[in-house]
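One structure is given here, and the rest of the page talks about it.
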Amino acid sequence: MRLFNRFTGLFLYMALITLVTIALLQGASVSQAQSNALPTTWYVATWGNDDNDCQTWRTACRTINNARIKAAEGDVIHIGPGVFRETLLFFTSVTLVGSGPNRTIVDGRGEDTVFTIYDGAAVHISRMTIRNGLGTDVGRGGGITNWGTLTLDHVVITNNKGAGGTMIGGLTSSGPVTVTNSAIVNNDAPGGYGGVLVEDQAYMENVTIANNTGLENGRGGGIYITANAKATLVNVTVSGNKAFFGAGGIANAGETHLLNVTVANNRVESPADRVREILNDGRLTLRNTLIAGPCLGIGTFISQGHNVEADNTCALTHSTDMRNTDPEILPLAYNGGIGETHALKPSSPAVDAGDNGACPNTDQRGMARRDGNGDGQVVCDIGAYEYNPPNTQPQRSYVALVY
């Protein structure tokens with residue numbers, strides 16, 4: 001009897017161990033399956049309702065914020081056409097995909113910053129317009145304030161405002177930011193920075209920064225790169241921006257690289273109304289860049305060649321640079337692409353004068369490189385715009401967009 005009880009106890013013990021092991025293995029399998037699960041996709045539409053499950057277009061949310069609340073780390077939110085009057089805070093990493101910058105519009109109603117990304121969140125935003133935001137706290141942008149990691153593609157940031165001193169009209173980023181195929185235009189921060197403030201790392205390609213203002217006491221009209229920040233601009237047009245002092249176009253106190261950039265018609269009001277394209281108090285490297293007015297600053301200018309400037313103030317010393325040379329550009333206009341650009345006149349010295357070894361394959365608009373001067377050689381142009389010779393078919397990756 002004792003022997004039977006001993007074997008019975010042993011059997012029960014082994015059975016218990018087996019059950020525990022199976023449960024642990026199943027739990028591990030569930031945990032692994034959850035970790036490998038695909039992101040959930042959520043939908044937002046003007047015909048939606050926030051009481052819906054938001055998991056199809058037919059059962060979409062009505063507001064982006066409700067989808068944001070439902071979304072977990074890494075989820076995707078698709079937003080249909082229409083105007084969404086909201087301001088949003090992001091604490092987790094998500095992707096927002098609109099229906100196009102001229103179809104999906106997120107409007108801050110002049111009440112607060114439209115999008116705020118907090119530290120630790122990585123947010124991807126594409127195919128939408130962000131407008132009518134208001135930066136009300138120190139260092140806040142009216143359109144977007146980024147303290148995390150931000151990626152923008154095919155986004156228009158327009159008609160946002162920074163209220164009071166040290167505010168930013170369009171975009172401020174204290175974390176890494178990447179902006180492609182986008183436009184930051186017509187933003188205003190009277191006492192701060194009109195267009196963009198960069199305080200960390202920034203990469204911008206195929207972007208227009210235009211007609212942003214900071215005129216009451218503003219220190220930067222277009223883009224301001226602070227000390228210890230690093231920025232790279234490729235195929236970027238910086239034009240028509242205005243500031244009270246500092247620089248109308250690019251103010252650099254950090255480390256900035258310009259490749260195939262056009263800087264034109266940017267102004268400052270103090271001490272007198274004048275053109276000032278660039279203020280460099282940091283380290284500025286230029287290649288294939290067109291500057292239509294004067295530079296200023298005590299920083300280091302490094303020319304890597306194939307630049308053209310209307311003045312002789314940007315310390316261009318490379319043998320391929322052109323100083324005191326009118327770049328012969330046309331007014332800012334829609335020439336294809338998301339934002340406006342400065343077309344080159346047929347006689348412009350920038351035509352076929354770039355460095356083929358460094359030029360991107362296309363210009364800001366997505367136009368392929370052409371033989372602009374008819375010598376049989378395809379050489380890229382200086383600046384963000386590639387001249388299209390008469391009687392040749394334009395090749396555009398994007399259509400012109402009216403805000």
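Read-outs: derived from the displayed coordinates by stated rules, not from any lab. Fair warning: this is a prediction, and the values are worked out from it, not measured in the lab. Note that we place each Cβ from the backbone using ideal geometry, even for glycine, and neighbour counts take in every protein chain shown.
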- Long-range amide H partners of Thr104 with built H, under 5 Å: Gly82, Ser99, Thr129
- Task: Divide, for the chain, the radius of gyration over alpha carbons by 2.2 N^0.38 Å, where N is the residue count.
- Result: 1.23
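Give me His154, His342 ranked fewest to most by other Cβ atoms within 10 Å of their Cβ, as a rough exposure proxy.
Values: His154 21, His342 29.
Ascending number of Cβ neighbours within 10 Å: His154, His342.
Sorting Val351, Val234, Val155 on the 10 Å Cβ count, fewest up front, what's the list? Can you show the working numbers first?
Values: Val351 25, Val234 22, Val155 30.
Placing the least packed residue first, the sequence is Val234, Val351, Val155.
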- Query: Long-range amide H contacts for Trp42: which residues qualify at under 5 Å (H placed 1.01 Å from N, peptide plane, sequence gap of 5 or more or a different chain)?
  - Reply: Val76, Ile77, His78
- Under 30 Å, Cα to Cα: Lys pairs in the chain, sequence gap 8 or more or different chains: 5
- From the backbone phi of the stretch 160-172, what are the Karplus-calculated ³J(HN,Hα) couplings (6.51 cos²θ - 1.76 cosθ + 1.60, θ = phi - 60°) in whole Hz, Gly and Pro given as x? 9, 9, x, 8, x, x, 6, 8, 10, x, x, 9, 10
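What GluC sites (Glu not before Pro) in the stretch 35-122 are in a loop by DSSP, with at most 13 other Cβ atoms within 10 Å of the Cβ?
Working: sites: Glu73, Glu86, Glu111; in loops: Glu73, Glu86, Glu111.
Answer in residue order: Glu73.
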- Query: Which order do Trp42, Trp147 fall in if you start with the one that has the fewest other Cβ atoms within 10 Å?
  - Reply: Trp147, Trp42
- Dipole of the chain, Cα-centred, from +1 at each Lys and Arg C-beta and -1 at each Asp and Glu C-beta, to the nearest 20 debye? 1160 debye
- Message: Along the charge dipole of the chain, pointing to its positive end and built from +1/-1 on Cβ of Lys, Arg, Asp and Glu, which listed residue (Thr208, Gly82, Ile291) has its Cα farthest out?
- Response: Gly82
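Considering only DSSP beta bridges with both partners in the chain, what is the antiparallel share in %, to the nearest 5?
Among the beta bridges of the chain, antiparallel pairing accounts for roughly 5 percent.
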- Using only Cα positions of the stretch 150-230, each an equal point scatterer, no hydration layer, compute I(q)/I(0) via Debye at q = 0.22, 0.26 Å⁻¹ and quote the log10 values to two decimals. -0.93, -1.20
- Task: Could you rank the peptides 112-124, 283-295 by their average count of other C-beta atoms within 10 Å per residue, with the highest value first?
- Result: 283-295, 112-124
- Residues with amide H under 5 Å of Ala121's amide H, sequence separation 5 or more or different chain, H placed in the peptide plane at 1.01 Å from N; which? Thr149
